[in-house]
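Notes follow the structure.
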Amino acid sequence: MDADVEKGAADVNDDRPAAQAVPEAITPSVTVGAQAPALAPVPAPVPATERTATGIMALSLPYQVVLAVALAVAGVFACVHLTMVFLHVAPSNTLTKRHGQAVDDWVYPEFEQNWKLFAPNPLQQNISVEVRAELAAPDGALRTTDWIDLTAQDTEAIRHNPMPSHAQQNELRRAVDFYLNSHSDDDSPDALRGRLSEEYMRRIAMHRLDALPVLEGPDGRALAGDVRRVQLRAVTRPVPAPRWSSEKTDTAPSYRDLPWWQVTAVDRPAGAHRSRTEAAR
């Protein structure tokens, strides 16, 4: 009877579906007496006061103070500069009438604003400055040089120069504007400002003449002697109309001769008083 019971139980086990059997590969095995593997400890969160600082906060306190002061100064300078430039280009108002001199002192000459390029009628002429000198030869005779184009010298120095100097770009133009705005049509100076513009023009002329290795006469021959007088003139040449335009433009140059000016000792740059006799040979 016991044998029949055991046989029946074996038959029941044999009749179970195979899907209910647990695969051996995934059956967990437990070793008696072995310890379970330990898990890695979870790091505790770092307090906010102990985190590594970045940016400005990574600097020491003295450097933070210096940087903050530098940023404040740069911000104040930017605000003042924008305000001055705005007042300079803005229409006349109460502030510009009261503080116009302070605005001009801030803007000129480095931050000059010129909106003529965007005007309805842009500049359509080129103005060049030329100079000639009267030399006293060793034999006492006076000889006059040919006209020397100072603007052409600046143009040649600026061309293909990625960083031309401020003097090469604006010195002559500003000097002529200074002179014309402080003189009448008959070249009468407007008090002290007009006489100052004449001195400025003479010194520019002497500086340029002294830089030349030799001075030539109208016939192209070298001249010897010391410079006694100088004369400048402004030559205005209208820009011709483009080929596709029907506008007729007279491109003939016009001249405005300035008076002859006597050269003084203060007008000569260092070493300009020496004779040009050796240089002309």
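Below, the figures for the structure above:
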{"item": "All positions within segment 211-262 that are of a type in the set (Asp, Glu) and surrounded by fewer than 17 Cβ atoms within 10 Å (Cβ to Cβ)", "result": "Glu216, Asp219, Glu247, Asp250, Asp257"}
{"item": "Residue ID - surrounded by the fewest Cβ atoms within 10 Å (Cβ to Cβ), chosen from residues in segment 56-91 that are farther than 28 Å from His166 by Cβ and of a type in the set (Gly, Ala, Ser)", "result": "Ser60"}
{"item": "Qualifying residue in segment 230-240 (condition: closer than 22 Å to Ala141 by Cβ, outside any helix (DSSP H, G or I), modelled with pLDDT of 90 or more and under 36 Å from the mean Cα position of the chain (by Cα))", "result": "yes"}
{"item": "Checking Leu196 against (1) without any contact (Cβ under 8 Å) to a residue 40 or more places away in the chain; (2) over 19 Å from Trp261 (Cα atoms), the condition it does not meet", "result": "(2)"}
{"item": "Test: residue in segment 35-55 that is part of a helix (DSSP H, G or I), loosely packed, with under 10 Cβ neighbours inside 10 Å and modelled with pLDDT of 85 or more", "result": "no"}
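The values are calculated or read from the model by the stated rules, or taken from the named source; none is laboratory data. Only a predicted model underlies this, so the values are computations on that prediction, with no experimental measurement involved. Note: ideal-geometry Cβ built from the backbone for every residue, glycine included; neighbour counts use all protein chains shown.
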